[in-house]
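The values are calculated or read from the model by the stated rules, or taken from the named source; none is laboratory data. Computed from a predicted model, the values in this text were never measured in an experiment. For neighbour counting, all protein chains shown are included, and Cβ atoms are generated from backbone atoms with ideal geometry for every residue, glycine included.
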Amino acid sequence: MQGSSSPLDLANTAAGEAALKAFAKARAQGRSSVECYRAGVAAWRAVHPEQSPEYAAKRAVAVILSAYMSLRVEA
C-alpha cells in the first residue's frame, strides 16, 4: 500500500521492523553504512515484493533515518 504514512508510523509495521532489525544486525557486524542500508532495504522488499525497488528503498531508508538520526539545532 503506497500512502503518506510518516516514517515513525512505518517503523511499527512488519516491513519497518524488519528493515530496522536488518540494519541493526548489519551495523553490529561492523558492515559499511551502504551495506547496512542495503540490508534494511532488502528486508523491507522481502515484506513488500510488490513495491518498486525505488519506492521500497525510499520507505526503508526513511524509517531507518528516523530511528537512527537526530538533528540538533544550536541557538
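Could you please let me know if residue 60 is within 14 Å of residue 14 (Cβ to Cβ), of a type outside the set (Lys, Arg) and within 12 Å of the chain's Cα centre (by Cα)?
Here the answer is yes, as residue 60 does meet what is asked.
Which residues, taken from the range 35-75, are at pLDDT below 95 and surrounded by fewer than 11 Cβ atoms within 10 Å (Cβ to Cβ)?
Matches in the range 35-75: 69, 70, 71, 72, 73, 74, 75.
Would you check which residues across the range 27-47 are farther than 13 Å from residue 11 by Cα and in contact with a Lys or Arg (Cβ under 8 Å, 6 or more places away or on another chain) and list them?
36, 39
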